[in-house]
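Enquirer: Take this structure, written in structure tokens, and hold onto it; I'll ask about it next.
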Protein chains: 2
Amino acid sequence: MRKSTPLDGSSRSYRPAPTCSDTSSSISASANSRTPSRNTSKALSPPPVVLPVKTRGRLPNLHHNLGRQRSAHGEESTRAGAKATAVTEAGRWRQEIRAGRWRGPTAGLAPGYAQANLVVVPRAYAYEFLLFCQRNPKPCPVLDVTEPGDPVPRYAAPEADLRTDLPRYRVYRDGELVEEVEDIRGLWREDLVAFLLGCSFTFEAALQRAGVPVRHLECGCNVPMYVTTRLCRPAGRFAGPLVVSMRPVPAEQVPRVVQICSRYPLAHGAPVHVGAPSSLGIADLSRPDYGDPVPVREGEVPVFWACGVTPQAVAQRSKLPWMITHSPGHMFLTDLRDEDLAWD
Amino acid sequence: MRKSTPLDGSSRSYRPAPTCSDTSSSISASANSRTPSRNTSKALSPPPVVLPVKTRGRLPNLHHNLGRQRSAHGEESTRAGAKATAVTEAGRWRQEIRAGRWRGPTAGLAPGYAQANLVVVPRAYAYEFLLFCQRNPKPCPVLDVTEPGDPVPRYAAPEADLRTDLPRYRVYRDGELVEEVEDIRGLWREDLVAFLLGCSFTFEAALQRAGVPVRHLECGCNVPMYVTTRLCRPAGRFAGPLVVSMRPVPAEQVPRVVQICSRYPLAHGAPVHVGAPSSLGIADLSRPDYGDPVPVREGEVPVFWACGVTPQAVAQRSKLPWMITHSPGHMFLTDLRDEDLAWD
């Protein structure tokens, strides 16, 4: 297990040695503890694509965006005229990842920027997956969808390349996890569509700002996740169970936690379940299906959130012919701010 | 102009004679002022499809629904076992419409039930339209999407038939409004997909509950709507301007109005613009592109919401080959409650 300092110099440990659990983490990253400096970006390739100045920094709230930064037909022409300016903190981390200098989990990197789950499917079933997301917005809140064959998420991070900018990917064939890779350029095809889905890091940061303890972060392990007996609403070939993450919350803080998370519907939003794990079909909290177990202490209640790993469980259950996802914990760093994922 | 009593006997006039404007309304409904009774439903065809008992009455919050009422594979088998129970108030109005006994606007019918905008497109561009909705959730908040060829919105109103249950439809060909009809059974095809989008009636009811005046309801006319210079984020062949509705709000109530409407993101949510119509490209508030003008009085600010007529303006601008929509003001009555459209 490695422990290193995030790029911004903050003291938040994103992956210290686990103390709450001695089970092996489901994340077995190739540890590369080098801390990238702010000045390495010039050496990286490919050359950065630049954003128009007015879209930099504070990107518009996702759900308030109605064409202010994009024209109906002229996105490229708009961007073509932009001057190069400094990339975002998230962009610098993407450059590090693209250059192979970071293969670890992404929790704690570029605080304030929203991270995202990745799902890549062929155009042939992109409609069914988008419909699945529409029908199951709590586990699958859509932040961006690429054009077929285009690896650039034009809305969420117009400088990025989704084939290279995540530290680790998973490849599923016929519902089986067949491969974990650090780059998907060799797998990319002209008919692929990538979906970026909001991630719990956004609401965890909000909980921490409010002084609510987040157990797995205290413990330095991954959040425990469980495949439930609750079924998602199906769409075409996508059918399967809801996966939830669990965080123990002091009983008196449960209402506040619900309020805080409700602000971020694009980051899974409010919990889906409070207490009573057995009614979700969870027999034993100490044996999560993904991630690491954490203790639920006296006076605490297990609180459950819809989880972005759901599409992977659905791919397995549906025996989906082909899908690429991020590897759990190894997310995509967007240029959207956490606050862009707030509905209000 | 007709004035009649809604089915529930409430005194709210849904379509009294306009008093604020002497321009002709964009809604030219065939006036049929007969007030349907509660006991006519047995005479109507087709026979009602029944809901499982547990989904009746209080339907689950749309965004909290994760398969509780539908199984992954067994929706039909679940429903096959259900016993017939009383239809909802919304369902009774749908029966009246289906039987041809109601062709008027739907504002004020079945209070408490959410009404919806309708968009029907061929499966060939259903993905692009769903993506357009994802990219423009304020004008196009998706409540339900049907399976290709299926005229039944299984989620929003499992007893309904979208070919017959709206009082009035519009048919667009190559971007032109070519026809307004009372039934689309003759136009239905096996490749058609229907989208139901949330409607402003939901937040208008919430504003009224909070004592906020809603000018066009006071005036008994349709809300004024304007095609703006703001462009929606395009998706495939769907590209065009944002349409907004306008309601004058006393300056001191603007913050409260924003708060109230923010609760209903699936009913267009918070306003997109407060004051300064010229920055939306609106030169003259007294000349709306759809609906009727209403006065903005001293001490009031014009407040603008994203509007569900946007897809129609986009169809026109994009010269879309084929699309069916509801006729403005003649909405689809869902079995969802207004409160199901609240995010919290």
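Enquirer: Mind listing the long-range amide H neighbours of residue B:249? Cut-off is under 5 Å, sequence gap 5 or more, other chains count too, H placed in the peptide plane at 1.01 Å from N.
Expert: Result for residue B:249 returns B:301, B:303.
Enquirer: Oh, and also: Can you give the accessible area of residue B:319 in Å² (nearest 10), computed on protein heavy atoms with a 1.4 Å probe?
Expert: 140 Å²
Enquirer: Kindly tabulate the residues in the stretch B:126-143 with an accessible-area decrease of at least 30 Å² between the chain alone and the assembly of all protein chains, using a probe of 1.4 Å.
Expert: Residues of the stretch B:126-143 that lose at least 30 Å² of accessible area once the other chains are added: B:127, B:130, B:131, B:134, B:135, B:137, B:138.
Enquirer: In cubic angstrom, how much convex hull volume per residue do the alpha carbon atoms of the stretch A:144-258 span?
Expert: Hull volume over Cα atoms, normalised by residue count, gives 168 Å³.
Enquirer: Right, here's the next one. With N residues in the stretch B:229-344, what two-decimal value do you get for its Cα radius of gyration over 2.2 N^0.38 Å?
Expert: Taking N as the residue count of the stretch B:229-344, the ratio is 1.15.
Enquirer: Follow-up. Considering only protein heavy atoms, what is the solvent-accessible area of residue B:98 at a probe of 1.4 Å, reported in Å² to the nearest 10?
Expert: Result for residue B:98: roughly 40 Å² accessible.
Enquirer: Shortest first and in nm with one decimal, please list how far the residue A:191 label point sits from its counterparts in the other copies (point 7 Å along Cα→Cβ).
Expert: With the label placed 7 Å along Cα→Cβ, residue A:191 yields 1.8 nm.
Enquirer: Describe numerically, in nm with one decimal, the distance between label points set 7 Å from Cα along Cα→Cβ at residue A:180 and at residue B:208.
Expert: A separation of 5.7 nm, rounded to one decimal place.
Enquirer: For residue A:295, go 7 angstrom from Cα along the Cα-to-Cβ vector, then report the distances to that same point in the other copies in nm, smallest first.
Expert: 7.1
Enquirer: Which order, highest average first, do B:322-333, A:215-226 follow once you tally other Cβ atoms within 10 Å for each residue and take the mean per peptide?
Expert: B:322-333, A:215-226
Enquirer: Now for a different question. Carbon-plus-sulfur fraction of the accessible area of the stretch A:211-344, 1.4 Å probe, in percent?
Expert: 52 percent
Enquirer: Okay, moving on. Which distances, in nm and shortest first, link the residue B:213 label point to the same label point in every other copy, taking 7 Å along Cα→Cβ?
Expert: In ascending order, 5.5 nm.
Enquirer: Continuing with the same structure: Over the Cα atoms of the stretch B:278-323, compute the convex hull volume and normalise it per residue, giving Å³.
Expert: For the stretch B:278-323, the hull spanned by Cα atoms encloses 97 Å³ per residue.
Enquirer: Next up: Round to the nearest 0.05 the FRET efficiency obtained for residue A:276 and residue B:86 when R0 = 30 Å and r is the Cβ-Cβ distance.
Expert: 0.40
Enquirer: What's the total accessible area buried between chains A and B, using a 1.4 Å probe, rounded to the nearest 100 Å²?
Expert: The summed interface area works out to 3800 Å².
Enquirer: In whole Å, what are the extents of the stretch B:94-189 along the principal axes defined by its C-alpha atoms, from largest to smallest?
Expert: Largest to smallest, the principal-axis extents are 36, 31, 22 Å.
Enquirer: Aspartates and glutamates within cross-link reach of residue B:319: Cα-Cα under 19 Å, excluding same-chain residues under 8 positions apart?
Expert: Within reach: B:128, B:174, B:176, B:179, B:180, B:289.
Enquirer: Just which residue of chain A brings its Cβ nearest the axis of rotation onto chain B, and by how many angstrom, rounded whole?
Expert: Rotation axis A onto B, closest Cβ, rounded to whole Å: A:127, 2.
The values are calculated or read from the model by the stated rules, or taken from the named source; none is laboratory data. Keep in mind that this is a model prediction, so the values were computed, not measured. Reconstructed Cβ throughout: ideal geometry from the backbone, glycine too, with neighbour counts over all protein chains shown. In case anyone asks, the SASA skips ligands and DNA or RNA and just uses the protein heavy atoms, side chains included. Shrake-Rupley method; radii C 1.70, N 1.55, O 1.52, S 1.80 Å.
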